[in-house]
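Chemist: Before we start, here is the structure in question, set down as structure tokens.
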Amino acid sequence: MAVPYNENPKEKKATRDGFGKALVEIGEADKNAWVLTADVSESTRTHWFAEKFPSRFVQVGIAEQNMAGAAAGIATCGKQAFISSFGAFSPGRNWEQIRVSICYNNVPVIIHASHTGITVGPDGASHQMLEDIALMRTLPNMNVLVPSDMDQAKKATHLLYEQKMPGYMRTSREKIPTFTNEDTPMGLGSSNLFIEGDDVAILACGPMVWESLLAAKELKKEGISASVVDLYSVKPIDKEMIGKMAKKTGLIVTAEEHQVHGGMGSAVAEVLAQMKTDAVLKIHGINNRFCESGSAAELMAKYKLDSSGIAEVVKEEVKKFKS
């Protein structure tokens, strides 16, 4: 059964805001919660935690490797640590420390990467982190969540905190519609089916979920019935939902603001490869290239990651599938 959502949301917020709000809630409830950042506290919304709990906030400066190592040390002392920076620098710069100090020791450190994807826009290719899901989902002991709006980001932060093990959450700077609510489910290894359709299933994560919902409305006008699934839990992934969509439609299109190699679409392909299915899969994202500077809207349109672009890709795949 489809999960209800707000089809006409009035509020737009960045998913990073949900992370910052959740940190304050966790800090109030748990005196063992610590937060570390690498000179970008306001940009990652960790400054809200710092203002309330300065004795449990560590500003390491531009030293992401040290940040990961220090957080691992704090976590081994019975604390819960959160580290936060831009995705290009964490996990982009400190992956080895995350791998050995955090994951190998299986300590409770949550890595929050803000400013991911091409919606970082004008910051250009150096800051448009499009490889992080691939980096993080391969690590043992690491959970990976990609929330679709601010409220889901808030829930994701709490969810990762509750696991008492390494976790990774990817958020964006761009403000996107808040279309979920307090009752929208979130769980590790789960997903949300927002629209049920019979012709094709669109599996998306992050900002692509809202764009996919809009695309499904466009497709409906042209006689194409599309399911839309928020596959926010990339690791562990919802194998049951993927199998259900493969059986229901026979055609799956994944949409993500990430390289097509190693991302959420690749995770879906791995699941399908181990199933007895003839379902066809199209992985849609950034195809083996660096992008350029521009507004978020311009880049989303250029790489067909906005609603119109996703609808265009889906129509092409449905045409091929039925021919």
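The values are calculated or read from the model by the stated rules, or taken from the named source; none is laboratory data. Nothing here was measured: the structure is a model prediction, and the numbers come from that model. Ideal geometry is used to build each Cβ from the backbone, glycine not excepted, and the neighbour counts take in all protein chains shown.
Chemist: Name every residue in the range 42-85 that is of a type in the set (G, A, S), closer than 18 Å to K21 by Cβ and modelled with pLDDT of 95 or more, in order of residue number.
Modeler: As a first pass, look at the range 42-85 and keep what is of a type in the set (G, A, S): 43, 50, 55, 61, 63, 68-73, 75, 78, 81, 84-85.
Pick out the ones that are also closer than 18 Å to K21 by Cβ and you get 43, 50, 84.
Residues satisfying the conditions are A50, S84.
Chemist: When only residues in the range 42-55 that are closer than 12 Å to S114 by Cα and among the charged types (D, E, K, R) count, which is surrounded by the fewest Cβ atoms within 10 Å (Cβ to Cβ)?
Modeler: Going residue by residue through the range 42-55, those that are closer than 12 Å to S114 by Cα are 42-46.
Filter once more, so that each one left must be among the charged types (D, E, K, R): 42, 45.
Details: E42: 11, R45: 26.
Looking at residues that are closer than 12 Å to S114 by Cα and among the charged types (D, E, K, R), I get E42.
Chemist: To continue, here is another question. Please count how many residues of the range 159-176 are on the phi < 0 side of the Ramachandran plot and either more than 15 Å from the chain's Cα centre (by Cα) or of a type in the set (D, E) (or both).
Modeler: Counting residues in the range 159-176 that are on the phi < 0 side of the Ramachandran plot and either more than 15 Å from the chain's Cα centre (by Cα) or of a type in the set (D, E) (or both) gives 6.
Chemist: Separate question: Return only the number of the condition from (1) in contact with an Asp or Glu (Cβ under 6 Å, 6 or more places away or on another chain); (2) over 18 Å from T116 (Cβ atoms); (3) among the small types (G, A, S) that A38 does not satisfy.
Modeler: Exception for A38: condition (2).
Chemist: OK, next. Can you pull out the residues in the range 293-308 that are in contact (Cβ under 8 Å) with a residue 24 or more places away in the chain, of a type outside the set (G, A, S) and either in a helix (DSSP H, G or I) or within 21 Å of A134 (Cα to Cα) (or both)? Even if it seems obvious, please write down each step before you answer.
Modeler: Looking only at the range 293-308, we keep the residues that are in contact (Cβ under 8 Å) with a residue 24 or more places away in the chain, and these are 293-296, 298-300, 303, 305-308.
Remaining after also requiring of a type outside the set (G, A, S): 298-300, 303, 305-306.
Matches in the range 293-308: E298, L299, M300, Y303, L305.
Chemist: Turning to a different aspect of this structure: Hey, which of the strands (runs of 3 or more DSSP E) in the range 164-283, taking only ones fully inside, have at least 1 residues that are surrounded by 24 or more Cβ atoms within 10 Å (Cβ to Cβ), free of Cβ contacts under 8 Å to residues at least 40 places away in the same chain and not small (G, A, S)? Spell out the reasoning first.
Modeler: Values: elements: 167-170, 192-195, 200-204, 226-230, 233-235, 251-259.
Filter on the range 164-283 gives 226-230.
Chemist: Could you please find all residues in the range 5-41 being surrounded by fewer than 13 Cβ atoms within 10 Å (Cβ to Cβ), modelled with pLDDT of 95 or more and closer than 30 Å to D198 by Cα?
Modeler: Those that are surrounded by fewer than 13 Cβ atoms within 10 Å (Cβ to Cβ), modelled with pLDDT of 95 or more and closer than 30 Å to D198 by Cα: E7, N8.
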